[in-house]
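Here's the structure we're looking at; comments come further down.
The values are calculated or read from the model by the stated rules, or taken from the named source; none is laboratory data. Nothing here was measured: the structure is a model prediction, and the numbers come from that model. Backbone-built Cβ (ideal geometry, glycine too); neighbour counts: all protein chains shown.
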Amino acid sequence: MVTRRRLAITLTAVAFAGVFAATAYARTHTGRQNPQFRVTVTITPRRPVPGQTIVATVRGWNMTKHSHTGWWEVTWETPTSGISAAATATFKPGRIAVMNDREAVRVTATTAKGWYIISAAIHDRHGTSHARVGAKVE
């Protein structure tokens with residue numbers, strides 16, 4: 001009986017890991033964990049080939065009718081490097097916040113293989129909304 005229970009727990013853990021891994025590298029992901037903010041990250045194409053350009057965009061919105069002070073951050077990771085930016089800001093109501101970023105990489109035969117990942121977050125004293133997506137060069 002102990003063996004069956006361990007097997008069931010293991011299979012459940014593997015199933016959840018597969019679901020969350022797929023979500024983490026979806027083509028578009030929107031985070032609304034903090035109901036005051038919405039963060040959307042998009043990357044295309046999902047499996048780029050030489051000749052295509054990986055385009056990653058980030059957008060963040062204040063979903064309330066009031067200005068909020070908080071901070072935002074954006075991270076762009078490649079198989080060989082990464083860059084991150086963060087700043088404190090006042091987010092105006094109902095508008096794209098200060099987050100409106102675009103990254104692009106032209107894929108060639110010599111482009112590093114692996115994941116190209118864009119992630120973003122908006123934080124305030126009530127919590128964080130965050131999202132992350134990736135494209136894989138094979």
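Points to keep in mind about this one:
- Flag set for V58, criterion: modelled with pLDDT under 95, under 19 Å from G82 (Cα atoms), crowded, with 20+ Cβ neighbours inside 10 Å and out of contact with any Pro (no Cβ under 8 Å at 6 or more places or on another chain).
- Candidates G127, G94, G82: the one that is surrounded by fewer than 19 Cβ atoms within 10 Å (Cβ to Cβ), under 17 Å from V41 (Cβ atoms) and of a type outside the set (S, T, N, Q) is G82.
- Residue tally, condition within 16 Å of T57 (Cβ to Cβ) and modelled with pLDDT of 90 or more, over segment 79-103: 2
- Set side by side, the residues T64, T80, T90, T69 differ, and just one is more than 16 Å from R38 (Cβ to Cβ) and assigned to a loop (DSSP other than H, G, I, E, B), which is T80.
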